[in-house]
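First the structure, in the form of structure tokens, and then the observations on it.
Just so you know, all these numbers are worked out from the coordinates, no wet-lab data involved. The structure presented is a predicted model; accordingly, all values stated were derived computationally and were not measured. Because the Cβ atoms are built from the backbone with ideal geometry, glycine has one as well, and the counts that use them run over all protein chains shown.
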Amino acid sequence: MSKASSTVATTDNEAAKPKVAVVVFLLNGKKVLLGRRRSAVGNSTFALPGGNLEFGENFEECAAREVKEETGLEIGATELLTVTNNLFVEGPKPLHYVTIFLRSSLTNTDQVPQNVEPEKCDGWDWYDWDNLPQPLFWPLEKMVNSGFNPFPA
Ligand code: 8DG
Ligand code: MG
């Protein structure tokens, strides 16, 4: 196969196309909701709830759906915080995500997170922003190390 056609074959591969993820800083007082991932990407690291943007969804709809699917929690309005560009090379095939970070809070703070997808997560809990668990999923760790803070000023 020529160099040009092998490049086409790679970029034609669905998995090789950049995808869009929406993830949520779900805030509760000084705490943030994190779960330890069970995944080829970022296995055993603490990450925010979230997942792939589906066709036709807006960011807020995606955030509410993913948080509900993963934790059973209902969130209120969302605010866009930032966007990062992430290349994951640690899994079986490289993945490229444009990750949209939103902020939200619970509609009712009596709600308790449930581990709805135990095959994808070891469990959800609230963690103090000043005492985050380790290791963090690297896109999140990079943000924390750069001084990013998801709380309203
Ligand atoms: P889905 O099938 O339910 O749509 O997706 P998922 O299985 O829940 O996807 P995910 O891996 O949880 O999230 C999609 C991608 O978003 C993930 O592979 C990489 C990117 N991502 C970040 N930071 C974070 C984060 O803190 N949490 C989550 N869940 N994903 C993140 O860049
Ligand atoms: Mg997810």
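What do you reckon, is R65 over 17 Å from P139 (Cβ atoms), out of contact with any helix residue (DSSP H, G or I) (no Cβ under 6 Å at 6 or more places or on another chain) and within 12 Å of ligand 2 (Cβ to nearest atom)?
Answer is yes for this residue.
Mind checking which pairs have a first residue in the range 106-124 that is within 16 Å of N43 (Cα to Cα) and of a type in the set (K, R) and a second that is within 12 Å of ligand 2 (Cβ to nearest atom) and not in a loop (DSSP other than H, G, I, E, B), Cβ under 6 Å, 6 or more apart or different chains?
Every condition considered, no pair remains.
Would you pick out the residues in the range 72-87 that are more than 17 Å from M143 (Cα to Cα) and either β-branched (V, I, T) or free of Cβ contacts under 8 Å to residues at least 40 places away in the same chain (or both)? Full working, then the answer.
Let us first name the residues in the range 72-87 that are more than 17 Å from M143 (Cα to Cα), namely 72-79.
Listed by number, the residues that qualify are E74, I75, G76, A77, T78, E79.
Among E90, E69, E57, which is the only one that is under 19 Å from P18 (Cβ atoms) and in contact (Cβ under 8 Å) with a residue 40 or more places away in the chain?
Values: E69 fails: under 19 Å from P18 (Cβ atoms); E57 fails: in contact (Cβ under 8 Å) with a residue 40 or more places away in the chain.
Going through E90, E69, E57 in turn, the sole match is E90.
Has the range 89-109 got any residue that is part of a helix (DSSP H, G or I) and buried (at least 17 other Cβ atoms within 10 Å of the Cβ)?
no
Out of curiosity, is P94 more than 12 Å from ligand 1 (Cβ to nearest atom), within 19 Å of R38 (Cα to Cα) and either basic (K, R) or touching a Phe, Trp or Tyr at 6+ places or on another chain (Cβ under 7 Å) (or both)? Give the derivation first.
Numbers: more than 12 Å from ligand 1 (Cβ to nearest atom): no; within 19 Å of R38 (Cα to Cα): yes; either basic (K, R) or touching a Phe, Trp or Tyr at 6+ places or on another chain (Cβ under 7 Å) (or both): yes.
Criteria not met by P94.
Hey, can you tell me all the residues within the range 125-145 that are within 16 Å of ligand 2 (Cβ to nearest atom) and touching a helix residue (DSSP H, G or I) at 6+ places or on another chain (Cβ under 8 Å)?
Result: L136, single match.
Results for (1) more than 21 Å from E79 (Cβ to Cβ); (2) crowded, with 22+ Cβ neighbours inside 10 Å, shown as yes or no for each residue.
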| position | (1), (2) |
| --- | --- |
| V22 | no, yes |
| L34 | no, yes |
| R38 | yes, no |
| V41 | yes, no |
| N52 | no, no |
| F55 | yes, no |
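So, in the range 110-124, of the ones that are over 14 Å from L26 (Cβ atoms) and assigned to a loop (DSSP other than H, G, I, E, B), which residue ends up farthest from ligand 2 (Cβ to nearest atom)?
By that ranking, first place goes to D110.
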